[in-house]
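J.: Sharing a structure with you now.
The values are calculated or read from the model by the stated rules, or taken from the named source; none is laboratory data. For clarity, every value in this text was computed on a predicted model and none was experimentally measured. Don't worry about glycine lacking a Cβ; one is built from the backbone with ideal geometry, like all the others, and counts go over all protein chains shown. With ligands, DNA and RNA removed, areas are computed over all heavy atoms of the protein, side chains included. Shrake-Rupley method; radii C 1.70, N 1.55, O 1.52, S 1.80 Å.
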Amino acid sequence: MTEHPLLQDLNPEQRKAVTTIEGPVLVIAGAGSGKTRVLTYRVAYLIKALKVSPENILAVTFTNKAANEMRDRIENLLHINTKGLFIGTFHSICVRILRANIDYLPYDKNFSIFDRDDQLRVVKKILEEIKSRETPKRLLRHIQRIKAGQEPETEWHYDFYKKYQQKLLELNAMDFDDLLINTRKLFEEHENVKEFYADKFMYIHVDEYQDTNRIQYELLRHLSSKHRNIFVVGDDDQSIYSFRGADIRNILHFEKDFKDAKVIRLERNYRSTKNILKAATVLIANNTMRKGKTLWTDGPSGEKLVVHESFDEREEAEYVASKIEEFGRPFSNNLVLYRTNAQSRAFEEVFNKRGLPYIIVGSIKFFERKEVKDLIAYLKLIANPKDDISFLRIVNTPHRGIGAKTMKTLSDYALTEGLHLLEAIPGFVEYTGTKYLKLKRFYDLISKYIKLNEKKEDAFSILHDLINTLEFAEYIKKTYSGQEAREKLEGRLENVNAILGMAQEFVINQNNPTLEHFLEHISVQTEQDDMEMQQKDRITIMTVHNAKGLEFDNVFITGLEDGVFPHKSALSATYELEEERRLLHVAITRAKKRVIMTYARERSIRFGELLLPSRFIDELPEDVVIFDSVSKRYKEQRKETEEKERRVQTELHKGDYVYHPMFGRGRILVKNGDKVKVLFMDGIKNLSLKYAKLVKSQ
């Protein structure tokens with residue numbers, strides 16, 4: 001029998017996947033193995049070779065972009081219009097089903113779909129109506145957890161959830177979770193609706209199956225209940241979205257859930273070199289929750305992976321920048337990855353300084369993150385009391401009970417008197433009496449730091465004291481609660497540590513470390529040339545979570561320290577640690593030619609901690625890894641440091657900045673002979689110069 005022309009461009013495993021038509025099929029598709037190609041060709045094969053009507057085929061992806069690309073590829077293969085073909089995300093397909101069957105639900109056909117901002121407005125509206133001062137974002141997280149099938153924390157939360165759902169109904173609106181939930185409800189409560197779609201979709205295709213959640217799994221079970229021709233493609237070794245609700249058990253238990261399922265492995269990689277694939281394969285083999293596969297290529301061995309050690313994130317960023325300059329243009333060949341967004345700051349600074357064009361994908365730039373902007377707004381108001389914009393941002397951050405009505409009254413008074421908002425407060429409070437004492441306390445707070453600034457206190461001292469006085473960390477912690485919010489909370493706290501570490505670094509390295517100069521330094525970092533940012537030839541910077549599906553010649557994986565990558569929240573749980581290992585597997589397999597890994601001995605987001613290299617580095621095969629020759633350099637530097645320690649101990653004075661190997665950087669408050677009292681990030685320590693090994697920092 002002559003092979004169909006569509007199959008000629010496929011390797012044997014891909015061809016088997018495309019032509020295995022009947023019954024459940026699981027394709028374990030390793031990184032760079034052509035899974036999108038298999039999905040596309042399979043749909044085209046059904047239509048062209050087997051004469052299946054496009055209306056009887058369903059293809060589910062996770063992004064609209066992927067859906068559009070798949071449709072375009074199919075149309076290019078078949079040279080026909082595929083209008084009747086159901087291709088889209090779970091949410092877009094559910095909308096189509098809901099629109100067509102809305103009479104079964106208490107909504108009108110033209111129901112609205114609310115995004116997160118809309119949801120928050122609904123929550124705030126309800127809170128106003130019931131006169132509650134609960135946090136809208138926190139309540140919305142409770143609502144989302146309830147919709148995901150979790151038990152409500154309290155009866156009150158469940159009552160609020162019901163109020164929220166009732167309000168959506170009154171507004172004829174659904175949120176994104178409702179799209180899935182209401183479709184499942186249609187199938188479970190109206191057998192005729194389920195039968196219609198189960199009969200209609202004779203062939204079901206699902207991309208990125210390892211990223212499906214429980215509700216999506218249940219929808220697929222309903223849709224495939226008639227014909228059982230469900231074809232899923234995924235990679236258990238790339239399951240990295242559990243924080244979004246993805247359930248790796250969906251792919252691991254596929255054969256149990258769909259009896260007589262066929263499993264096909266795509267292990268041939270078309271992206272990376274042999275050395276890169278060996279490193280990724282040996283690393284991920286340490287996981288127990290996986291189905292198992294071995295990536296291979298008939299391409300070249302390529303360069304060995306490089307592991308580089310740095311003193312801190314600044315040196316790390318300088319090293320990455322120098323390697324990128326060494327590789328030369330185009331800059332777009334380079335991808336810089338990190339575990340958390342707080343790590344972007346050093347790369348932004350160094351790349352700006354060197355004039356290297358870059359784009360940060362999938363995250364807000366460091367200086368545009370809320371907690372960072374809030375602290376900078378405080379500093380700007382302290383440096384310039386006429387800055388009404390900064391005043392308005394922070395007057396009620398953290399919450400002080402200063403409401404919109406109070407601010408309207410103050411603004412009117414300031415306008416009448418021709419004053420700026422901060423300077424208007426004393427007269428306003430005197431004029432109105434004791435009613436607005438909360439404003440006066442805010443004024444006294446800012447005035448305290450204005451006086452410190454006038455005395456030329458350095459930027460780090462002001463910021464450090466301000467964060468403690470505001471109890472800023474506690475303020476952030478109150479905003480987040482529960483397991484799902486843990487990583488986001490830690491990221492916010494890391495950002496606060498990062499800006500504080502930046503201020504201390506500035507003070508150590510500058511001759512005149514005033515607040516005004518620090519703010520100038522920040523403004524240079526945050527101003528970007530619009531034309532430059534529009535260039536296509538630029539370095540891409542992102543978290544590993546945002547990198548799945550991408551490929552670059554050169555991939556830099558940074559911050560490989562225990563507690564950073566793997567994240568400290570995962571160190572005590574096998575399940576979470578395995579997901580961290582999958583993250584690194586994803587990072588390594590983004591590379592086509594080179595992988596360069598870096599770790600640092602100290603990092604501002606882990607200020608004061610002794611960092612150790614990531615345990616994952618020890619799991620890499622030694623024959624494909626080069627450990628950058630830094631040990632000799634560090635031994636020489638350590639010897640010089642020890643000699644310097646002995647020399648400078650007799651030169652230390654009150655007010656000097658010092659470094660301690662355990663407590664980090666600090667400032668001497670009192671010196672009495674061999675005894676010193678030093679202010680560190682985690683408090684004041686009484687030390688002996690004989691044993692403390694303090695090093696003068698400036």
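J.: Go ahead and estimate [θ] at 222 nm for the chain from helices alone: -39,500 (n - 2.57) per DSSP H run with n ≥ 4, summed, over the residue count, rounded to 500.
T.: One gets -14500 deg cm²/dmol as the mean residue ellipticity at 222 nm.
J.: Further, regarding this structure: Can you give me the angle between helix 344-354 and the longest principal axis of the chain, using Cα atoms only, in degrees from 0 to 90, rounded to the nearest 10?
T.: Orientation of helix 344-354: about 80 degrees from the principal axis.
J.: Counting only heavy atoms of the protein chains, get the accessible area per residue of the chain (1.4 Å probe) and round it to a whole Å² value.
T.: So the chain comes to 46 Å² accessible per residue, rounded to a whole number.
J.: Normalised by the empirical 2.2 N^0.38 Å for globular proteins, what value does the Cα Rg of segment 282-392 take?
T.: 1.54
J.: How large is ³J(HN,Hα), in whole Hz, for each residue of segment 493-510 in order, when computed from phi with the Karplus curve 6.51 cos²θ - 1.76 cosθ + 1.60 and θ = phi - 60°, using x for Gly and Pro?
T.: With the stated coefficients, segment 493-510 comes to 5, 5, 5, 5, 4, 5, 5, 5, x, 5, 5, 5, 4, 5, 4, 5, 9, 10 Hz.
J.: Here is a further query. Long-range amide H contacts for PHE231: which residues qualify at under 5 Å (H placed 1.01 Å from N, peptide plane, sequence gap of 5 or more or a different chain)?
T.: Under 5 Å from the amide H of PHE231: VAL25, ILE204, HIS205, VAL206.
J.: Enumerate the amide H contacts of ILE87 below 5 Å, restricted to partners 5 or more residues apart or on another chain; note that Pro and chain-start residues carry no placed amide H.
T.: Long-range HN contacts for ILE87: ALA59.
J.: I'd like to know which of PHE231, SER242, ALA285 lies farthest towards the positive end of the charge dipole of segment 211-318, counting +1 on Cβ of Lys and Arg and -1 on Cβ of Asp and Glu.
T.: PHE231
J.: While we're looking at this one, here's another question. Give the peptides 450-462, 122-134 in descending order of average Cβ contacts within 10 Å, highest first. Display every interim value, and only then the final one.
T.: Values: 450-462: 16.8, 122-134: 13.7.
Packing order, densest peptide first, comes out as 450-462, 122-134.
J.: Still on this model: Quick check: the angle from helix 176-189's long axis to the longest principal axis of the chain, C-alpha only, nearest 10 degrees?
T.: 30
J.: Through the Karplus equation 6.51 cos²θ - 1.76 cosθ + 1.60, θ set to phi - 60°, convert the phi angles of segment 259-266 into ³J(HN,Hα) values in whole Hz; use x for Gly and Pro.
T.: Once rounded to whole Hz, the list reads 4, 6, 5, 9, 10, 10, 10, 9.
J.: Would you mind telling me the share, in percent, of accessible area of the chain contributed by carbon and sulfur at probe 1.4 angstrom?
T.: Its accessible area is 49 percent carbon and sulfur atoms.
J.: Dipole of the chain, Cα-centred, from +1 at each Lys and Arg C-beta and -1 at each Asp and Glu C-beta, to the nearest 20 debye?
T.: Dipole magnitude for the chain comes out near 520 debye.
J.: Next question, about the same structure. Quick one: which of 48-54, 238-244, 585-591, 557-563 comes out on top by average Cβ neighbours within 10 Å, and what's the full order, highest first?
T.: The most tightly packed comes first, giving 585-591, 557-563, 238-244, 48-54.
J.: Follow-up. Taking the DSSP beta bridges in the chain as the whole, what percent of them are antiparallel, to the nearest 5?
T.: The answer is about 30 percent antiparallel.
J.: Which angle from 0 to 90°, rounded to the nearest 10, does the C-alpha axis of helix 274-284 make with the longest principal axis of the chain?
T.: Result, in degrees: 80.
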